[in-house]
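Just so you know, all these numbers are worked out from the coordinates, no wet-lab data involved. The structure presented is a predicted model; accordingly, all values stated were derived computationally and were not measured. Every residue, glycine among them, receives a Cβ derived from its backbone with ideal geometry; neighbour counts consider all protein chains shown.
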Amino acid sequence: MDAELEKVVARLEARFEAALARDDDEAAADLAVSFAADEPLSISIRKAGGGLLQLPAGEQHEVSAVGVDYLACGHPAWLISPIGAVSVLLGGEGDPPSELPDTFRQVARRWARERRFVDVTATIGETRGLLMRVSPDHLELRGVAGLLLVPLQLVTSIRLVREG
């Protein structure tokens, strides 16, 4: 092969290899970004070492545990909030949150069995009462006005006030 032709082929091979390396780097970066983008809030909180639950009224409380679908504050938990119902400011000052195997509804049902007096904050307001029952889609509170049904999808937090 002609020496000039060999130089052209060598340059083309080098460009092709550089383009392949760029494509590999871009694919790796895209994969890393997609893994980070697919990370659920619960993992983000644990990786950050904790966070502060931001309640609608402006209160902040250290996240002490992360359940299957909720965040808890306190040991034992005295405040629970469904994941996605409130914001979390990452980087709390305490210990990283522990991981719990139960769900928001399971904790609320346990509190109902124990006849706990609670404050329920929902997107429609706050109410206080005796937690009577937690069904698949709502909870029942006995308050001064009677029995109140609150759809679970509207609940942003449940706070223990005292035992019933």
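Details
- All positions within region 89-121 that are farther than 14 Å from Leu71 by Cβ and touching a Ser or Thr at 6+ places or on another chain (Cβ under 6 Å): Val120
- When residues of region 64-78 are limited to those that are closer than 11 Å to Pro97 by Cα and either β-branched (Val, Ile, Thr) or under 16 Å from the mean Cα position of the chain (by Cα) (or both), the one surrounded by the fewest Cβ atoms within 10 Å (Cβ to Cβ): Ala65
- Across region 48-63, the number of residues qualifying as farther than 18 Å from Val120 by Cβ and buried (at least 19 other Cβ atoms within 10 Å of the Cβ) comes to 4.
- In region 3-20, the residues that are loosely packed, with under 10 Cβ neighbours inside 10 Å and of a type in the set (A, V, I, L, M, F, W, C): Ala3, Leu5
- Residue list for region 112-131, restricted to those being crowded, with 16+ Cβ neighbours inside 10 Å and either part of a strand (DSSP E or B) or of a type in the set (Asp, Glu) (or both): Arg116, Phe117, Val118, Val120, Thr121, Ala122, Thr127, Gly129, Leu130, Leu131
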